[in-house]
Amino acid sequence: MAHVLMAVTGADAIALTDGTAHPTGFWAEELVELHRGLIDAGHTVDIATPGGVRPTVDPGSLGGDDADELRAYLASIEAVLAHPRALADVKAGEYDAIALPGGHGPMVDLATDADLGRLLVDAVDRDAVVGVLCHGPAGLLSAVREDGSFAFAGRRLAVFTDQEEHQGGLKDGSPYFVESRLRDLGAIVESGEPWSVTVVADGTLVSGQNPQSSVATAERLVELLAAR
């Protein structure tokens, strides 16, 4: 069974273009479905954040019909969430896979976190599995090599689209658009219709477009790990 590092945002707010702070954090459904899918398949999952801070759930992710079920699952892993590892303490090669759930939080800290970048570059170099979901691909922006090249250039992936951001995200208040940033760095974004279940697998990179893709992304990640 695989040993998986789940890199989770430690941010609890994002600065909008008008200068105001918007509450954020990790998106509950995405963390829950990735974590549950991996655990149910027999894998072990450690959670790490920048600085080892306790991650905050995005309050906007607990407003649906599944809120009670999501809260119950988060409560069941309270001990894990309360004491995450610090990304700086994670050694290259320590994990078989890295998973990044979304929420707007990754745009704030994971996108520029040097320690996450170090681990992702190492994962690419040794062809380890990387799974990202919704805004989680913002964390991939940190994967810049010493020569300045982007480690995921030329890789196919799904990400919360600019269109979805305009329709149901931060709209024009977003400080940047993750899809556009990834395209600018050379990633090949393959988008489905807005809010569709869309998962893209490119070798050892698995990615899901939005919260609706949470379960399917977890399933594809488990399938890939089973084939290793």
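Just to confirm, what accessible area per residue do you get for segment 37-107 at 1.4 Å probe, in whole Å²? Kindly include the intermediate steps, with their values, before the conclusion.
Working: 3090 Å² over 71 residues.
On a per-residue basis, 44 Å².
Per-residue packing, averaged as other Cβ atoms within 10 Å, sorts the ranges 143-155, 197-209, 176-188, 116-128 into the order 197-209, 116-128, 176-188, 143-155, beginning with the highest. For the pair residue 184 and residue 197, label points projected 7 Å from Cα toward Cβ lie 3.4 nm apart. Note on segment 167-228 and segment 95-125: Cα centroid distance 14 Å, given to the nearest whole angstrom. The share of accessible area on the chain that comes from carbon and sulfur is 51 percent, using a 1.4 angstrom probe.
Annotation for residue 146 and residue 75: the two label points, set 7 Å from Cα along the Cα-Cβ direction, are 5.0 nm apart. For the chain, the antiparallel share of DSSP beta bridges with both residues in that region comes to about 30%.
The values are calculated or read from the model by the stated rules, or taken from the named source; none is laboratory data. As the structure is a prediction and not an experimental result, all values here were calculated from the model. Glycine gets a Cβ as well: all are built from the backbone with ideal geometry, and neighbour counts include every protein chain shown. To get the accessible areas, we keep the full protein, side chains included, count just its heavy atoms, and leave off ligands, DNA and RNA. Shrake-Rupley method; radii C 1.70, N 1.55, O 1.52, S 1.80 Å.
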